[in-house]
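Q: Structure provided below as structure tokens; questions to follow.
The values are calculated or read from the model by the stated rules, or taken from the named source; none is laboratory data. All values reported here derive from a predicted model rather than from experimental measurement. Here the Cβ positions follow ideal geometry from the backbone for every residue, glycine too, while neighbour counts run over all protein chains shown. The protein model used for the area step is the full one, side chains on, heavy atoms only, and it has no ligands, DNA or RNA in it. Shrake-Rupley method; radii C 1.70, N 1.55, O 1.52, S 1.80 Å.
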Amino acid sequence: MLLQIYLLNFAHCKRRIMISAAKIKLIHSLSRKKYRIENGLFLAEGPKLVDELSGRFPCTFAAGTAGWMEHHRGFRANQIECVSDAELAKASLLQSPQEVLALFRLPDTTGDIHIAEKELCLALDGVQDPGNLGTIVRIADWFGIEHIFCSTDTADVFNPKAVQATMGAIARVQVHYMHLTGEIAGLPAGVPVYGTFMDGKDIYSTELHKSGIIVMGNEGSGISPEMENLVTERIGIPSFPAGRATSESLNVAVATAITCSEFRRRNAV
């Protein structure tokens, strides 16, 4: 079905529609990866997020309140329904629904890791928490990193919690899934592969290149032994002051932000 532009008069949205039970069931099913893949869809909620994604992914369905409809008369989707707050709450996965929810087409998540020969990229080795993953995508967007390569056991970036945490950054950052160790092993010898470790060399005194791969590991176990063997530069974020008793480690998203910031500070683009 071709995308349509709805130009109806939604100023007061006098005729509200009830979201069908079948549609609500579909929306709720998208909390599980199996059904996202089966239907080729993912869910996004909230005006800012839906606006950001509408220019990047085809929208198949949107349900919005009268207020949202009034300000989005040219919104593109296969189907748009004007609903009450109560109807939106029935369909929403959020505790506090935010004016609109929308279903978008899943993109192709394959990618060529050789792009790391020319620009700085992130690689995620078994990051499990959808919130952490979404935040990392947002961090990558902030620091101008356009590609993230993920191991197959990394959380799905189209999990609703991950999508919400990206705050729309997923419209600009491409996330790819692959046999990560095999792909990194296939990179030319000159491409730097940075790995973050508790005992790594102080990032503030390490030479950092403009291109290459920065590997971030699992929240609990860090970078896997297989990946560790492929790392060419072991880096770490020191605590301050040296020798002071401190937290055991940093959250992986926080560590990603600090690491990306130092790379960009050193190699301003």
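Q: Every residue in the stretch 147-171 that is open to solvent by less than 10 Å² (accessible area, probe 1.4 Å) and part of a helix (DSSP H, G or I), please.
A: ALA162, VAL163, THR166, ALA169, ILE170
Q: Out of the residues in the stretch 250-269 that are open to solvent by less than 60 Å² (accessible area, probe 1.4 Å) and among the small types (Gly, Ala, Ser), which is nearest to GLY131 (Cα to Cα)? Before the answer, list the steps.
A: Within the stretch 250-269, the subset open to solvent by less than 60 Å² (accessible area, probe 1.4 Å) is 252-253, 255-264, 267.
From what's left, among the small types (Gly, Ala, Ser): 253, 255, 257, 261.
Details: ALA253: 9, ALA255: 14, ALA257: 14, SER261: 20 Å.
Looking at residues that are open to solvent by less than 60 Å² (accessible area, probe 1.4 Å) and among the small types (Gly, Ala, Ser), I get ALA253.
Q: Oh, and also: Condition first: under 24 Å from ASN132 (Cβ atoms), open to solvent by 30 Å² or more (accessible area, probe 1.4 Å) and in contact with a helix residue (DSSP H, G or I) (Cβ under 8 Å, 6 or more places away or on another chain). Now tell me which residues in the stretch 172-196 satisfy that.
A: Result: ARG172, THR181, GLU183, THR196.
Q: Right, something else. Anything in the stretch 55-76 that is small (Gly, Ala, Ser), out of contact with any helix residue (DSSP H, G or I) (no Cβ under 9 Å at 6 or more places or on another chain) and open to solvent by 30 Å² or more (accessible area, probe 1.4 Å)? List them, or say none.
A: GLY67, GLY74
Q: Another question, if that's okay. Could you list all residues from the stretch 102-123 that are open to solvent by less than 10 Å² (accessible area, probe 1.4 Å) and either among the hydroxyl-bearing types (Ser, Thr, Tyr) or in contact with a Gly (Cβ under 8 Å, 6 or more places away or on another chain) (or both)?
A: Hits for the stretch 102-123 are ILE113, ALA116, LEU120, CYS121.
Q: When the residues of the stretch 124-137 are filtered to those that are open to solvent by less than 10 Å² (accessible area, probe 1.4 Å) and β-branched (Val, Ile, Thr), which remaining residue is farthest from the chain's Cα centre (by Cα)?
A: My answer is VAL127.
Q: Can you give me the number of residues within the stretch 17-39 that are within 18 Å of THR109 (Cα to Cα) and open to solvent by less than 20 Å² (accessible area, probe 1.4 Å)?
A: Of the residues in that region, 2 qualify.
Q: Let me ask something else about it. Take the stretch 231-249 and flag every residue that is crowded, with 16+ Cβ neighbours inside 10 Å and under 25 Å from the mean Cα position of the chain (by Cα).
A: Selection gives VAL231, ILE235, GLY236, ILE237.
Q: Let me ask something else. Anything in the stretch 221-269 that is assigned to a loop (DSSP other than H, G, I, E, B), farther than 22 Å from GLU183 by Cα and touching a residue at least 24 places away in the same chain (Cβ under 8 Å)? List them, or say none.
A: ILE237, PRO238, SER249, ASN251, ASN267, VAL269
Q: Quick one: is GLY186 closer than 29 Å to GLU52 by Cβ, in contact (Cβ under 8 Å) with a residue 24 or more places away in the chain and small (Gly, Ala, Ser)?
A: no
Q: Can you say whether LEU122 is under 29 Å from LEU230 (Cβ atoms) and in a strand (DSSP E or B), as far as the supplied structure shows?
A: yes
Q: If you don't mind, there's one more thing I want to ask. Only one of these is among the basic types (Lys, Arg) and free of Cβ contacts under 8 Å to residues at least 60 places away in the same chain: ARG105, ARG138. Name it.
A: ARG138
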